[in-house]
Every structure is written in structure tokens, then in C-alpha cells.
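Below is one structure, written out as C-alpha cells; the observations come after it.
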Amino acid sequence: MALKKYATKDGIPAEQQAVAIELKDGTFAVEEPDDTSGLQTALDSERTKREAAEALAKKVANDLKRLEAERKAATHGLTAEELEKIRVEASAEAEGKLAAKEKELEAERTANRQKDIGSAFKSLAGDTKFLAAKLDDLFRLHGDEYDLTQDGKLMVKGKPGIDPKKHMEGLAKTRPEWVEGTKAAGGGAAGDMSASAVTAGLSVQDAMKNPTALFAAANSK
């Protein structure tokens, strides 16, 4: 580093006074950093040249690949346009296979989710005393009324505020003949309908005209 002289210490910039050197002749000096602006300019220039050279090398490599592809295409009687068409078609085919695979995986996920819903549904139906022999039929008729929460628990589809167990109990009231130990008034389907109507607070006539009203009335209790 070069030394810069000052006649008095007071003449030295305040930020440099603490490192000032007192000379024998009574003057003062401080070290000045070397001027590296020229070096920095040279480095910037070299970096720019290097980046340009790398870009040119990349372009040359790509051009060589394209020319090689065109040469091979010409060898096999194909033009560059025909070769590009083949490449596009191959890419489309690959994308089509990927889309088909994704569709297959989605179908598999849906099937697995349906199995999970069915398992939870039948477990709850069994706890509600539905006959084991009727669980499959019950799920076919009412399985679409249920879904799973994000943590895998059974819920009434579109009605997160309704207790799934209460909903299942409502189903049991509309189908007492499928419930273990149900004692209907009278015999056969008419007796079952009568018992359900009484439970739901409806007349037997209304229940016969509109069986779904049994479930709606029972589920609202």
C-alpha cells in the first residue's frame, strides 16, 4: 500500500487519524489502499469474455447435434421436418401413456376409498344391530350417503354436523326387518311398516304412500 503524507494530524480525515503514523520530520502519514479499479475492470472483461465463449460453445454443440440428427435422418431417407414429426408423435405417445397411468392410479385410489367407506359403514351398521346378512344390501342402498373425513372417520356426506351414528339409527328405523331383535307390531312387511310409522310419528297410510318420509322423520329426532 502507498503512504499519503499530511503536514498535521488535524489534516487527516477523522476516520483515519487513529491509524496515522507520525514521521521523524513531524509530519503524519496514513496508508492508502492501492487503486484496484483497473484490475476489477480487467476481471469483469474476462468474465464477460468467458460467458460469451461458454454461450457460443453451447450453441455450437446444439448446432452439431441438430446437424447430426439431420444427417442420420437423411441417411434413412427422412427430412428434418419428418424427423421432428416423429419426435412430436413419440412425445405425444409418452404423454398419453402417462395420462392413462395417472387415470389408472386415480381409479385405484377411488376404489380403495370406497372400500374404506364400506368397511367403516358396515362396522357402524353392525354396532347399530343390523343383521350381518343385510350389510351388503344396506351399503348398496345407502352407502353413497356416507363419506370419510380427512383423518379417515365416517361422516354423513355433505352434512358434517350430523352424527353418523344417529343417521344410521335413522336407517334402522326405516328398515326394522333388517335389525336384530326388532319386534314389529303385526306380521310381515305390513307389520314392519306399521312399527316404523309409529316410531317415526307417522300414520301407516302416510308411510305406505311415502316410505322415505319414515327416514326423514326418524333422522330428525
Of the criteria (1) aliphatic (A, V, I, L, M); (2) at pLDDT below 85; (3) within 30 Å of residue 156 (Cβ to Cβ), which one residue 105 fails: (2)
Keeping to segment 146-183, report how many residues are assigned to a loop (DSSP other than H, G, I, E, B) and within 31 Å of the chain's Cα centre (by Cα). 12
Filtering segment 158-179 down to residues that are touching a helix residue (DSSP H, G or I) at 6+ places or on another chain (Cβ under 6 Å) and without any contact (Cβ under 8 Å) to a residue 40 or more places away in the chain yields 176, 177
For residue 151, are the conditions met, namely being modelled with pLDDT under 90 and either of a type in the set (Phe, Trp, Tyr) or under 30 Å from residue 173 (Cα atoms) (or both)? yes
Pick from segment 20-36, criterion in contact with a strand residue (DSSP E or B) (Cβ under 9 Å, 6 or more places away or on another chain), assigned to a loop (DSSP other than H, G, I, E, B) and modelled with pLDDT of 85 or more, ranking: farthest from residue 7 (Cα to Cα): 23
Could you say which residue among 133, 69 is farther than 30 Å from residue 176 by Cα and part of a helix (DSSP H, G or I)? 69
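The values are calculated or read from the model by the stated rules, or taken from the named source; none is laboratory data. It should be emphasised that the depicted structure is a prediction, and the values quoted were computed from it without experimental measurement. Every residue, glycine among them, receives a Cβ derived from its backbone with ideal geometry; neighbour counts consider all protein chains shown.
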